[in-house]
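A.B. asks: Just passing along the structure, written as structure tokens.
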Amino acid sequence: LFRSIKNRIIYKGNNLDASRVLAGFSASAIAPCISVFNPLLAKYIIKKYLDKYDTIFDPCSGYSGRLLGAASLGKKYIGQDINNKTVLESNKLIDEMKLTDCKISCKNSLETSAKYDCLFPCSPYGDEEKWNQDIDILSCDEWIDVCLKNYSCNRYVFVVNKTDNYKEYIKEEIISKSHFGETKEYIIVIDN
């Protein structure tokens, strides 16, 4: 608790309240939070960039945000994730919500390949996210490289926080505000 309060004082000054102390638990790595993709943002991106496709493939399905966005639009969703616990929780959500056109399997995206109409992941951001298992630490550009190499698709849509190699494919900048401040992410669209 002291570490969290000290962290908040350093970064937020005297303007300290309970919510900022709780945010400090994640910022100081006492209790790191998970990264959940906003389902409304997923719905927006799918509607804008993948509307003509019936099936959305996601090689890094995570905590079901893109699944919920796709399902809300009546799209079929095929996901995979390396984390078995996350896959089990996502499949429980699929069962409870009776999302018969959605399925998620436990696979390592670095070791699989397939062909799909389109691909929409939000790959792990290097070492910025905390996982309950060891994963390969790759940059956003390296994840894009992996997806382009391993998956044959007509359209690829990525959400990244940084890119050096794919700047020409940026279609949109997303600015999010939270108790940690303002963050920028980029929507990258690559057609095959």
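A.B. asks: Are any residues in the stretch 75-99 touching a Ser or Thr at 6+ places or on another chain (Cβ under 8 Å) and either charged (D, E, K, R) or under 20 Å from residue 55 (Cα atoms) (or both), and if so, which ones?
C.D. replies: Of everything in the stretch 75-99, those that are touching a Ser or Thr at 6+ places or on another chain (Cβ under 8 Å) and either charged (D, E, K, R) or under 20 Å from residue 55 (Cα atoms) (or both) turn out to be 75, 76, 77, 78, 79, 80, 81, 87, 89, 90, 93.
A.B. asks: So in the stretch 110-138, with the set limited to residues that are at pLDDT 90 or above and open to solvent by less than 50 Å² (accessible area, probe 1.4 Å), which one is farthest from residue 155 (Cα to Cα)?
C.D. replies: My answer is 112.
A.B. asks: Could you please tell me which pairs satisfy a Cβ distance under 8 Å, a separation of 6+ or placement on different chains, a first residue in the stretch 81-110 that is without any contact (Cβ under 8 Å) to a residue 24 or more places away in the chain, and a second residue that is open to solvent by less than 40 Å² (accessible area, probe 1.4 Å) and in a strand (DSSP E or B)?
C.D. replies: Here the result reads 91/104, each pair linking the stretch 81-110 to a residue that is open to solvent by less than 40 Å² (accessible area, probe 1.4 Å) and in a strand (DSSP E or B).
A.B. asks: Take the stretch 44-96 and flag every residue that is open to solvent by 40 Å² or more (accessible area, probe 1.4 Å) and aromatic (Phe, Trp, Tyr).
C.D. replies: The answer is 44, 63.
A.B. asks: Considering only the stretch 143-192, give the strands (runs of 3 or more DSSP E) lying wholly within it that have at least 1 residues that are more than 22 Å from residue 52 (Cβ to Cβ) and small (Gly, Ala, Ser).
C.D. replies: The strands (runs of 3 or more DSSP E) meeting that bar are 170-178, 181-191.
The values are calculated or read from the model by the stated rules, or taken from the named source; none is laboratory data. Here the structure is a predicted model, which means the values were calculated and not measured. Backbone-built Cβ (ideal geometry, glycine too); neighbour counts: all protein chains shown. Side chains included, ligands, DNA and RNA excluded: accessible areas come from the protein's heavy atoms. Shrake-Rupley method; radii C 1.70, N 1.55, O 1.52, S 1.80 Å.
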